[in-house]
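The values are calculated or read from the model by the stated rules, or taken from the named source; none is laboratory data. Since this is a predicted model, take the numbers as computed values, not measurements. A quick note on method: Cβ atoms are made from the backbone with ideal geometry, for glycine too, and the neighbour counts reach across all protein chains shown.
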Amino acid sequence: MCAYKIIVVDDDEMAAEALAFELKKRPEFSLEGIARNARQGKKLIASVRPDLLFLDVEMPEMTGMELLRDIRDSIVWNMKVVFYTAYDKYMIEAIRESAFDYLLKPFQPQELDVILHRFLEQMQGGQRLGGVPLLSSAGDTFMVYTPTNDMRVLRTSEIGFFRYSSERKLWEVILTNDPPLALRRGMTADAIIHNLPRFVQIHQSYIVNMDYLMLIKDNHCQLYPPFDRVTELIVSKKFKKELQDRFCL
């Protein structure tokens with residue numbers, strides 16, 4: 001099978017080389033070139049027609065966002081874009097520009113693996129173009145969508161647990177400083193757990209953040225503040241063994 005073509009556009013030489021070093025370890029991908037500025041990047045993109053583009057945001061003369069807008073009409077093939085940046089303030093704009101994902105500098109190899117694995121799943125699984133995942137993650141941050149199609153970027157440290165509302169027939173996120181956030185219908189418990197390894201399901205209707213789990217007494221989970229007054233988290237028989245294994249009980 002032919003490797004998927006990748007190019008990197010980044011004026012930060014050290015960051016570009018660090019990314020290139022990790023990409024070259026993965027035989028499913030072929031790094032076709034590195035451009036040091038937007039002008040070189042435009043030529044390289046047109047020449048290579050990459051499957052996956054890692055694009056820096058802050059570059060001299062033209063930003064990554066501006067470059068993407070400038071070439072959008074000429075991209076007639078299926079190219080996924082990952083914004084490669086040191087600043088998480090660009091995450092919202094990245095989504096608005098239809099980015100596939102974002103990677104924060106400096107990155108850990110497992111963060112890159114999450115992005116590449118999701119790319120392979122979409123390409124090899126024949127996912128329809130333009131499909132928006134209900135939940136996607138990178139490192140400690142992840143993106144979710146509400147029933148009104150609004151996008152929210154959250155951190156795992158903001159979440160005490162997920163709760164399924166049988167009345168509304170959807171999952172909700174219980175947050176530290178905000179009211180419960182409803183998620184778009186179609187979100188499943190399996191999708192939450194698959195993308196967020198620090199969470200474990202304790203009941204058909206509850207998925208808890210292990211980082212907030214303090215103790216389990218009489219099949220009730222007690223969480224650290226600010227969730228210490230929550231009393232609804234009951235461990236069901238179906239999920240008790242997995243919780244015992246994860247929590248070393």
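Keeping to segment 191-228, report how many residues are part of a strand (DSSP E or B) and of a type in the set (A, V, I, L, M, F, W, C). Reasoning before the result, please.
Taking segment 191-228 first, the residues part of a strand (DSSP E or B) are 199-203, 206-209, 213-217, 220-223.
Keeping just the survivors that are of a type in the set (A, V, I, L, M, F, W, C) gives 199-200, 202, 207-208, 213-216, 221, 223.
Number of matching residues: 11.
In the set (1) buried (at least 17 other Cβ atoms within 10 Å of the Cβ); (2) touching a helix residue (DSSP H, G or I) at 6+ places or on another chain (Cβ under 6 Å); (3) part of a loop (DSSP other than H, G, I, E, B), the condition left unmet by Ile34 is number (3). Of the residues making up segment 90-99, none is surrounded by 15 or more Cβ atoms within 10 Å (Cβ to Cβ), at pLDDT 85 or above and not in a loop (DSSP other than H, G, I, E, B). Residues of segment 214-235 that are under 16 Å from Phe199 (Cα atoms) and out of contact with any helix residue (DSSP H, G or I) (no Cβ under 8 Å at 6 or more places or on another chain): Met214, Leu215, Cys221, Gln222, Leu233, Ile234.
Quick one: which of Leu233, Leu196 is touching a strand residue (DSSP E or B) at 6+ places or on another chain (Cβ under 7 Å), under 30 Å from Asp113 (Cβ atoms) and in contact (Cβ under 8 Å) with a residue 12 or more places away in the chain? Before you say what the answer is, go through the steps one by one.
Numbers: Leu233 fails: under 30 Å from Asp113 (Cβ atoms).
Residue meeting the stated conditions: Leu196.
Does Thr231 satisfy the condition of being at pLDDT below 85, in a loop (DSSP other than H, G, I, E, B) and more than 30 Å from Lys105 (Cβ to Cβ)? For Thr231, the condition - at pLDDT below 85, in a loop (DSSP other than H, G, I, E, B) and more than 30 Å from Lys105 (Cβ to Cβ) - is not met. One residue stands out in segment 127-169 among those that are modelled with pLDDT of 85 or more and of a type in the set (Phe, Trp, Tyr): the one that is farthest from Thr188 (Cα to Cα), namely Phe161. The set of residues in segment 28-39 that are over 14 Å from Glu13 (Cα atoms) and among the polar types (S, T, N, Q) contains only Ser30. Can you tell me which residues in segment 8-27 are among the charged types (D, E, K, R) and either in a loop (DSSP other than H, G, I, E, B) or within 22 Å of the chain's Cα centre (by Cα) (or both)? Across segment 8-27, the qualifying residues are Asp10, Asp11, Asp12, Glu22, Lys24, Lys25, Arg26. Looking across segment 170-187, just one residue is free of Cβ contacts under 8 Å to residues at least 12 places away in the same chain and either touching a Phe, Trp or Tyr at 6+ places or on another chain (Cβ under 9 Å) or outside any loop (DSSP other than H, G, I, E, B) (or both), and that is Glu172.
Of all residues in segment 179-208, those being touching a helix residue (DSSP H, G or I) at 6+ places or on another chain (Cβ under 6 Å) and at positive phi number 0.
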